[in-house]
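Worksheet: one structure, shown below.
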Amino acid sequence: MSLRLTDVTAENLDAVIALPPQPGARSNVAPVVMSLAEAYVTPTAWTRAILDDEQVVGFVMANWDPDNEIESFRAGIWRLNVAEDVQGMGIGAFAVQEVVAEARRRGVERITVLWEPGEDGPEGFYLKQGFVPTGEVLFGEVVGAMDVPPAAS
């Protein structure tokens, strides 16, 4: 795989919106179209398409709002969607590492993510990536945090 992040553009928008889940489908993550609408009204949102060569295989949305009154919303992952046919192939882990790298570039020392609890949810994935539950629950979702490691020397 040759993974990279890119802006969401007019050229890749249809493929990004086609990622699962589709509006109305039962899922632990919001449809990408909802994420893009939320990003449109949230100036601190950071949205990226995940490409393998030139094919859209995922979408990640982070938020960089150091002044947010809710500490868990100051920096971290808000959404992560991966195409069904490539799930389990490291794309989600790549996206997390890219968010960590962006946090490092911004001087952020800690990022968060929220997930729905449950056996079919993404908890195992986020724990494997290094997030640790904080004990806090927001909007019925578990808050996980990860310290951003310093850049390798």
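The values are calculated or read from the model by the stated rules, or taken from the named source; none is laboratory data. In this text, all values refer to a predicted model and were calculated from it rather than measured experimentally. Reconstructed Cβ throughout: ideal geometry from the backbone, glycine too, with neighbour counts over all protein chains shown.
So the values come out like this:
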item	result
Unmet requirement for Asp85, which otherwise passes all of (1) in a strand (DSSP E or B); (2) more than 25 Å from Glu136 (Cα to Cα); (3) among the charged types (D, E, K, R)	(1)
Positions within the range 64-82 being exposed (fewer than 15 other Cβ atoms within 10 Å of the Cβ) and in a loop (DSSP other than H, G, I, E, B), in sequence order	Pro66, Asp67, Asn68, Glu69, Ile70
One residue from Glu38, Glu11 being over 18 Å from Asp85 (Cα atoms), surrounded by 15 or more Cβ atoms within 10 Å (Cβ to Cβ) and acidic (Asp, Glu)	Glu38
Check on Pro133, in a strand (DSSP E or B) and either among the charged types (D, E, K, R) or over 16 Å from the mean Cα position of the chain (by Cα) (or both)	yes
Options Arg106, Arg79; residue that is over 16 Å from the mean Cα position of the chain (by Cα) and in contact (Cβ under 8 Å) with a residue 40 or more places away in the chain	Arg106
Test set (1) surrounded by 12 or more Cβ atoms within 10 Å (Cβ to Cβ); (2) at pLDDT 95 or above; (3) out of contact with any helix residue (DSSP H, G or I) (no Cβ under 8 Å at 6 or more places or on another chain) - Arg48 fails condition number	(3)
Residue check, Phe59 closer than 16 Å to Asn28 by Cβ and of a type outside the set (Asp, Glu)	yes
Single residue of Glu119, Glu102 found to be acidic (Asp, Glu) and either more than 26 Å from Arg26 (Cβ to Cβ) or not in a loop (DSSP other than H, G, I, E, B) (or both)	Glu102
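So that you can scan it fast, the table gives a plain yes or no per residue for (1) within 17 Å of Met61 (Cα to Cα); (2) of a type in the set (Gly, Ala, Ser); (3) surrounded by 12 or more Cβ atoms within 10 Å (Cβ to Cβ); (4) in contact with a Lys or Arg (Cβ under 7 Å, 6 or more places away or on another chain):
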| site | (1), (2), (3), (4) |
| --- | --- |
| Gly107 | no, yes, no, no |
| Glu119 | no, no, no, no |
| Leu127 | no, no, yes, no |
| Gly130 | no, yes, yes, no |
| Thr134 | no, no, yes, no |
| Val148 | no, no, yes, yes |
| Ala151 | no, yes, no, yes |
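Condition check ((1) acidic (Asp, Glu); (2) in a helix (DSSP H, G or I); (3) in contact (Cβ under 8 Å) with a residue 60 or more places away in the chain; (4) under 18 Å from Ala145 (Cβ atoms)) across all residues:
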site	(1), (2), (3), (4)
Thr42	no, no, no, no
Val56	no, no, no, no
Val96	no, yes, no, yes
Val113	no, no, no, yes
